[in-house]
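Scroll down for the structure; my scribbles are underneath it.
The values are calculated or read from the model by the stated rules, or taken from the named source; none is laboratory data. From a predicted model like this one, the values you see are computed outputs, not experimental measurements. Quick reminder, even Gly has a Cβ in these numbers, built from the backbone with ideal geometry, and neighbours come from all protein chains shown. Only protein heavy atoms, including side chains, enter the accessible area calculation; ligands, DNA and RNA are left aside. Shrake-Rupley method; radii C 1.70, N 1.55, O 1.52, S 1.80 Å.
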Amino acid sequence: MKKFFEDMKKDLKFKSAGPGKKLTEDASAKPQVVQSSGPAKPCYVAPTEGAQKAGAAALARIEGQPRPRVQTSQDVIRLQVKRELEAEAAAVAEKEKTTAVEGSNVKDLAFLSVTGVYFTCPLTGATLTKSERDVHIKAAIFMRFEEDAVEASIMMVHTFNKDREKVKAAVDIISKYIENICKNPTEEKYRKIKLSNKVFQEKVKTVEGSREFLEAMGFQSIMLDVEGQEESEEFLVLMEHDSESLEVMKESRDRLQRGEPVRAQLDRQPQAFRPSPNAMRFELPPEFYNLTAEELKREQQQKNEGVDKNTMLRTKAMREREEQRERRKYNYTLLRVRLPDGNILQGTFLAWDKVSVLFQFVRDSLVDGWQPFELVAPGGHKLQEDLELALNECSLVPAVLLTFSWDAAVQADIAAGGGKSSALLKPELLENIQTLS
């Protein structure tokens, strides 16, 4: 019997006792968060033989029934992950099914210049479609709790919440909690957070991941009596910390403040092609367009019918508005660069990537990327790497063939020094070179 009640105390320790129930902490636990103001407990008196028999019978009845398992925060997280991923996976499957049907009406997948748009998860390295990336990243963050709960909760705060102002407000309040504790480590009031508090309810609770961060810092859920109330309330309580633990808290606070959203990186799918007369022919999948399947079909029909908007009389303001609308049509762009040896380098970019991103992509693909070079757009327009312009602002959407050339003066100096020209592209690209169909 004694062991049974001791086990029951352990099970209830630091758990919610439910509305109206008072949770008494084990007297042997140190340090105690709440000191009882009531009368001293009576001394223990051994139960009578009849009481022992009744207790044994009650224990037998309890042990004969399945006892509910108290859920831990990790259990809640896993359950949340399971439910969210099941719901999102179903939504993704339905979306992909719809996209496949719509896309099949627009293009024959066998003739696409690129099979689709793909992303790389920075946490797992997995290659993902656009519809898969958010679900995968969320699952990867939840799985991080087993390795580093502080890091995982920081990722939750900055990734799961789209409103950056709300995130900043919550981070500021949590930082203030930690600052007060570190400045007043022995003050009990700073180590208790009343969950019904208006500021907590409106500013912290509404930000997903904030409670997980506090729990990762050591805060534990405890039901405490509140003066003037019949029912106890839930608090997050932090036990007293030594100076070393307080330093760790400060470091975690700084990490929370510096946190950034976890975002999948666009996979540029670098690909080399042999010289081809088809270099200017592009067939793009629907993901490249910020258009519905019907809008995309209408646009292609207009192009096929040779509709020339330039023949229309338009003011400068009208033309600028039309250009802005055109730029917003595209999410991504497929760019090809024709090299001096005739080979072609291809990569996928965000429509709003800067021109400097394109230059870096080309530079990283070359054996001698340190040498200066030029990129020329259709019409003879020379791109300027140092200008802060986006690709769509330079009309490099949704697909364009560019011309590459080395800086003539540098090439002359190399030739004068007896230098020899070698392969332009890196071996890993040439190993997988393909032929454009």
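What residue, among those in the range 242-263 that are aliphatic (A, V, I, L, M) and open to solvent by less than 50 Å² (accessible area, probe 1.4 Å), is farthest from the chain's Cα centre (by Cα)?
So the residue we want is L246.
Counting only residues that are open to solvent by less than 40 Å² (accessible area, probe 1.4 Å), among the charged types (D, E, K, R) and outside any strand (DSSP E or B), how many does the range 329-374 have?
1
Which condition breaks for G417 when tested against (1) open to solvent by 60 Å² or more (accessible area, probe 1.4 Å); (2) small (G, A, S); (3) within 19 Å of V114 (Cβ to Cβ)?
Failed condition: (3).
Scan the range 403-437 for residues that are aliphatic (A, V, I, L, M), modelled with pLDDT of 90 or more and not in a helix (DSSP H, G or I) and jot them down.
L424, L425, I433, L436
Going through A377, A409 one at a time, which residue ends up being free of Cβ contacts under 8 Å to residues at least 60 places away in the same chain and loosely packed, with under 15 Cβ neighbours inside 10 Å?
When all the criteria are applied, what remains is A409.
For (1) outside any helix (DSSP H, G or I); (2) modelled with pLDDT of 95 or more; (3) closer than 28 Å to D353 by Cα, each residue gets a yes or a no:
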site: S245; (1), (2), (3): no, no, no
site: K250; (1), (2), (3): no, yes, no
site: P261; (1), (2), (3): yes, yes, yes
site: Q301; (1), (2), (3): no, no, no
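How many residues are without any contact (Cβ under 8 Å) to a residue 60 or more places away in the chain and among the aliphatic types (A, V, I, L, M) if we restrict to the range 110-139?
The number of residues fulfilling the criteria is 4.
Could you tell me whether the range 202-215 includes any residue that is open to solvent by 80 Å² or more (accessible area, probe 1.4 Å) and within 30 Å of S437 (Cβ to Cβ)?
The answer is no; no qualifying residue exists.
Going by the conditions given, is M239 farther than 29 Å from C121 by Cα, open to solvent by less than 80 Å² (accessible area, probe 1.4 Å), part of a loop (DSSP other than H, G, I, E, B) and not aromatic (F, W, Y)?
When the stated conditions are applied, M239 passes them.
How many of the residues in the range 173-201 are acidic (D, E) and either surrounded by 17 or more Cβ atoms within 10 Å (Cβ to Cβ) or over 16 Å from V237 (Cβ atoms) (or both)?
1
Starting from the range 220-232, take each residue that is within 15 Å of N197 (Cβ to Cβ) and list its partners that are modelled with pLDDT of 90 or more and hydroxyl-bearing (S, T, Y), counting only C-beta distances under 7 angstrom and pairs at least six apart or across chains.
Matching pairs, first to second residue: L224/S232; V226/S232.
Conditions (1) open to solvent by 80 Å² or more (accessible area, probe 1.4 Å); (2) touching a Ser or Thr at 6+ places or on another chain (Cβ under 7 Å); (3) at pLDDT below 65; (4) under 27 Å from A272 (Cβ atoms), marked per residue:
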| position | (1), (2), (3), (4) |
| --- | --- |
| V101 | yes, no, yes, no |
| T115 | yes, no, no, yes |
| G125 | no, no, no, yes |
| K138 | no, no, no, no |
| F142 | no, no, no, no |
| E146 | yes, no, no, no |
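When the range 251-288 is examined, which residues are found to be out of contact with any helix residue (DSSP H, G or I) (no Cβ under 7 Å at 6 or more places or on another chain) and among the polar types (S, T, N, Q)?
Q265, Q269, Q271, S276, N278
Looking at (1) under 24 Å from P286 (Cα atoms); (2) touching a Pro at 6+ places or on another chain (Cβ under 9 Å); (3) among the aromatic types (F, W, Y), which is the only condition W406 fails?
Here W406 meets the rest and fails (1).
Quick check, is V400 β-branched (V, I, T), assigned to a helix (DSSP H, G or I) and surrounded by 12 or more Cβ atoms within 10 Å (Cβ to Cβ)?
No; evaluated as a whole, the condition is false for this residue.
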